[in-house]
Amino acid sequence: MAVFNASSIPSSTFYLTGIPGYEAIHHWVSIPFCIFYFIGIAGNCTILHAIRTDQSLHEPMYYFLAMLSFADMGMCLPTLVSVLRVLWSISREIEFNTCVIQMFFIHSFSFMESAVLLAMAFDRYIAICHPLRYTTILTPQRIARIGIVAFLRSSLPVIPLMIRLTYFPFCHSHVLSHSYCLHQDIIRLVCADTKFNSIYGLVVIALYWGLDSLGILVSYIFILRSVLNIASWEERLKALNTCASHICAVLILYVPMIGLSIVHRFAKHASPLVHILMADIYLLVPPVLNPIIYSVKNKKIRRGIIHLITPKRIHSTLR
């Protein structure tokens, strides 16, 4: 009985992996990773601070953008320390509890980002199809409720998967495929029946990402139908231009996400470099590109950032 209990307790230590075949130049590889992390964190913090301090950005569209930046930060920050520790050859070890917490944040904020993109699609639908009712439908209280529901909806379904992991025995190799912990990576090391985790995870992904993407698609069908009823081409382009940043954000999240899921499920024998590259793109590209896209495409965000970084005396002379 004592032997059974000991074998059923998961090992407290796992070993992360850098980039196979490039261990000798990990210090050099860390440079672009540091740049990506810096751009992602600085960009999203700047957008959050600009929205908080600039009164002209206190509108529904920018509240949702703040939620998107918050989700981006939640996706990339939990991996920062473990990735750099591996690439700087400090340590490859990660405690099991730390690994579970890291997985929880990565997967929860990934689902939250998808939920926020759905809310942003609804925002664009109301703004274009029902402009006169925009402020009455998307009140600050309703937006706050949407944010709370998005957070709870994204985090609660992940908890059963994390709890079950604590009861699994890990008698296979404790070496993970990435520089951080993913559920689909650690579950392959379990020497027990993982059918529940596999089916449950697949159902959650299909329901959440599937329904979110369907909702975004339906929103844009109604948006296009409304835009085509506008007589002026100039007005049509102006209406569609307000959606350009959101469409880019959707593609930036869903394309790497789908690619990573396909690689993990149907290309298990592919080169480890492919798995690592897809996972890094999935985690780092949205936090890095979203602030850049919204800063370039949105005049109000651009103006808010300029107000933030330009000294007041210089700004007053520019006026």
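Taking every protein chain into account, the accessible area of the chain amounts to 52 square angstrom per residue (probe 1.4 Å).
Absence of a disulfide-compatible partner, taken as no other cysteine beta carbon within less than 4.7 angstrom, is noted in the chain for 34, 45, 76, 129, 243, 248. Rolled with a 1.4 Å probe across the full set of protein chains, the surface gives residue 54 an accessible area near 20 Å². Ordered by 1.4 Å accessible area with all protein chains kept, 80, 176 run largest first as 80, 176.
In the assembled protein chains, residue 53 presents an accessible area of approximately 70 Å² (probe radius 1.4 Å). Residues 193, 280, ordered by accessible area of protein heavy atoms at a 1.4 angstrom probe radius and largest first, appear as 193, 280. A compact globular protein would have a Cα radius of gyration near 2.2 N^0.38 Å; the ratio found for region 193-288 is 1.44.
Using only Cα atoms, what is the ratio of the radius of gyration of the chain to 2.2 N^0.38 Å?
Details: Rg = 21.9 Å, N = 319, 2.2 N^0.38 = 19.7 Å.
My calculation over the Cα atoms of the chain gives 1.11.
When the accessible area of the chain is computed with all protein chains present and a 1.4 Å probe, what percentage of it is carbon and sulfur? Before the final figure, lay out the partial values.
Working: 11750 of 16690 Å².
Ligands and nucleic acids excluded, carbon and sulfur reach 70 percent.
In plain terms, the chain from residue 196 to residue 130 could stretch by 19.4 nm, reckoned as 0.36 nm per residue minus the Cα-Cα distance.
Residue 290 sits among other residues whose Cβ lies under 10 Å from its own Cβ, and their net charge, with Lys and Arg +1 and Asp and Glu -1, is -2.
Between beta-carbons, use under 14 Å as the cut-off and find the net charge around residue 229, counting Lys and Arg +1, Asp and Glu -1.
Numbers: positive: 225, 236; negative: 235.
So the surrounding residues net to +1.
Taking Cβ atoms as reference points and 15 Å as the exclusive limit, the residues near residue 170 contribute a net charge of -2, counting Lys and Arg as +1 and Asp and Glu as -1.
Of 307, 174, the residue with the largest accessible area leads and the full order is 307, 174 (1.4 Å probe).
The heavy atoms of residue 98 present about 70 square angstrom of accessible area, all protein chains included, probe 1.4 Å.
The values are calculated or read from the model by the stated rules, or taken from the named source; none is laboratory data. Note that the structure is a prediction, hence the values are computed from the model and not measured. Note: ideal-geometry Cβ built from the backbone for every residue, glycine included; neighbour counts use all protein chains shown. In case anyone asks, the SASA skips ligands and DNA or RNA and just uses the protein heavy atoms, side chains included. Shrake-Rupley method; radii C 1.70, N 1.55, O 1.52, S 1.80 Å.
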